[in-house]
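Below is one structure, written out as structure tokens, with a few remarks after it.
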Amino acid sequence: MRTVYVNGEYLPEDQAKISVFDRGFLFADGVYEVTSVLDGKLIDFAGHAARLQRSLSELEMASPVTSEELLAIHKELVARNELTEGLVYLQVTRGAADRDFLYPDEDTAPTIVLFTQAKPGLADAPAAKRGIKVISIPDRRWGRRDIKTVQLLYPSMGKMMAKAAGADDAWMVEDGAVTEGTSNNAYIVKGNTIITRHLGEEILHGITRAAVLRMAAESQMKVEERSFTMEEAMDADEAFVTSASTFVMPVVEIDGAQIGTGAPGKVAARLREIYLDESLKAAV
Ligand code: PDD
């Protein structure tokens, strides 16, 4: 049985409890982070901790722990669960208060929960060798996607739509341009240029995205941060997505049309290799 962390305590998962009045449960009034673990070490922890602080401050929510304490909790949970390959999920909510749309008093204690998910073979995922298939769907999420909130119903519906269509995931489209995948950032490659949506309130500022774009630039690859259309995507030489749980994952089919040769592209494969290599070296 897993050991999970709830509000200062490490508990067996079946003894961990939060209130029915928790605002995360009642209002999706909470934020989260997912950090991957390879070789028992945390990948890009500093980036995830920094984004958590930003999400909290955008929502005027108090941080229950410092970044140092957060790192210590992550490490302790990885150790207690003997996690070598997988994910650490972290959620902070505004805490439990009688149901009211207005935020509760500032002395209401936030809720903090962390748990691990073992994913053996995460780095060596067969899907990375095959590539994944995506469909396009309209982006029907709220307008502050740069805040990593736990309101994931539409992304969840998107994954179900993809599954029903025999695909692996969905890319969301708004005003004629691709925003991002349901739980990842989206990229196309045309010639030797990597194209991905610019940052703004329309997408999550991916931690893997930031690292991959930095590594691409260091490897003299050309990067354009701008909107792209589905037509451009279907006509691309390559496509891929990035996230903490998939790293760099090639996309080989979009809305039933084969991308490039229909096999994972060279740029995606190279970036996956560089990302795994570099981030493992920097892992804590
Ligand atoms: N999702 N865009 C969205 C909408 C996401 O939910 C995620 C991450 C990303 C990629 O961000 P990062 O590189 O920091 O993981 C982009 C996580 C993995 C999840 O919800 O499980």
Take Ser19 and tell me if it is of a type in the set (Gly, Ala, Ser), within 16 Å of the ligand (Cβ to nearest atom) and modelled with pLDDT of 95 or more. no
Consider only pairs whose beta carbons are under 9 Å apart and that are at least six residues apart or on different chains; among these, list those whose first residue lies in the range 140-159 and is free of Cβ contacts under 8 Å to residues at least 12 places away in the same chain and whose second residue is surrounded by fewer than 16 Cβ atoms within 10 Å (Cβ to Cβ) and among the basic types (Lys, Arg). Met157/Arg140
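This table checks each residue for (1) crowded, with 17+ Cβ neighbours inside 10 Å; (2) in contact with a Gly (Cβ under 6 Å, 6 or more places away or on another chain); (3) farther than 22 Å from Gly47 by Cα; (4) in the same structural domain as Gly158 (by TED's automatic domain parsing).
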{"site": "Gly200", "(1), (2), (3), (4)": "no, no, no, yes"}
{"site": "Arg214", "(1), (2), (3), (4)": "no, no, no, yes"}
{"site": "Ser219", "(1), (2), (3), (4)": "no, no, no, yes"}
{"site": "Glu225", "(1), (2), (3), (4)": "no, no, no, yes"}
{"site": "Phe228", "(1), (2), (3), (4)": "yes, no, yes, yes"}
{"site": "Phe247", "(1), (2), (3), (4)": "yes, no, no, yes"}
{"site": "Val252", "(1), (2), (3), (4)": "yes, yes, yes, yes"}
{"site": "Gly260", "(1), (2), (3), (4)": "yes, no, yes, yes"}
{"site": "Arg272", "(1), (2), (3), (4)": "yes, no, no, yes"}
Since Val65 meets every condition but one in (1) out of contact with any Ser or Thr (no Cβ under 9 Å at 6 or more places or on another chain); (2) part of a strand (DSSP E or B), which condition does it not meet? (2)
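Rundown of residues vs (1) surrounded by fewer than 24 Cβ atoms within 10 Å (Cβ to Cβ); (2) within 17 Å of Thr246 (Cα to Cα); (3) assigned by TED's automatic domain parsing to the domain that holds Pro264; (4) touching a Lys or Arg at 6+ places or on another chain (Cβ under 6 Å), yes/no style:
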{"position": "Glu180", "(1), (2), (3), (4)": "no, yes, yes, no"}
{"position": "Ser183", "(1), (2), (3), (4)": "yes, yes, yes, no"}
{"position": "Lys190", "(1), (2), (3), (4)": "yes, no, yes, no"}
{"position": "Thr193", "(1), (2), (3), (4)": "yes, no, yes, yes"}
{"position": "Arg197", "(1), (2), (3), (4)": "yes, no, yes, no"}
{"position": "Ile203", "(1), (2), (3), (4)": "yes, no, yes, yes"}
{"position": "Ala211", "(1), (2), (3), (4)": "yes, yes, yes, no"}
Starting from the range 99-127, take each residue that is without any contact (Cβ under 8 Å) to a residue 60 or more places away in the chain and list its partners that are of a type in the set (Gly, Ala, Ser) and part of a loop (DSSP other than H, G, I, E, B), counting only C-beta distances under 6 angstrom and pairs at least six apart or across chains. Thr108/Gly95; Thr108/Ala97; Pro110/Ala62; Pro110/Gly95
Entirely in the range 151-240, the strands (runs of 3 or more DSSP E) that have 2 or more residues that are within 13 Å of the ligand (Cβ to nearest atom) and closer than 22 Å to Ala263 by Cα: 169-174, 177-181, 185-190
Only one residue in Val37, Val88 is assigned to a strand (DSSP E or B) and under 27 Å from Arg144 (Cα atoms), so which one is that? Val88
Restricting to the range 41-62, what's the tally of residues that are crowded, with 17+ Cβ neighbours inside 10 Å and part of a helix (DSSP H, G or I)? 8
Out of Arg140, Arg99, Arg144, sole residue that is in the same structural domain as Ser57 (by TED's automatic domain parsing) and among the basic types (Lys, Arg): Arg99
When you check Asp146 against the structure, is it at negative phi, part of a loop (DSSP other than H, G, I, E, B) and away from the ligand (no atom under 14 Å from the Cβ), yes or no? no
Kindly indicate the residue of the range 78-108 that is surrounded by 14 or more Cβ atoms within 10 Å (Cβ to Cβ) and of a type in the set (Gly, Ala, Ser) and also nearest to the chain's Cα centre (by Cα) among those meeting that condition. Gly86
Check Ile132 against each of (1) assigned by TED's automatic domain parsing to the domain that holds Gln15; (2) modelled with pLDDT of 95 or more and name the one condition it does not meet. (1)
Subset of the range 45-82 (residues that are under 18 Å from Ala118 (Cα atoms) and within 16 Å of the ligand (Cβ to nearest atom)): Phe45, His74
Filtered residues of the range 31-44 (kept if among the β-branched types (Val, Ile, Thr) and within 11 Å of the ligand (Cβ to nearest atom)): Val34, Thr35, Ile43
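The values are calculated or read from the model by the stated rules, or taken from the named source; none is laboratory data. Since the model is a prediction, treat every value here as computed from it, not as a measurement. So basically every Cβ, Gly included, is an ideal-geometry build from the backbone, and we count neighbours across all protein chains shown.
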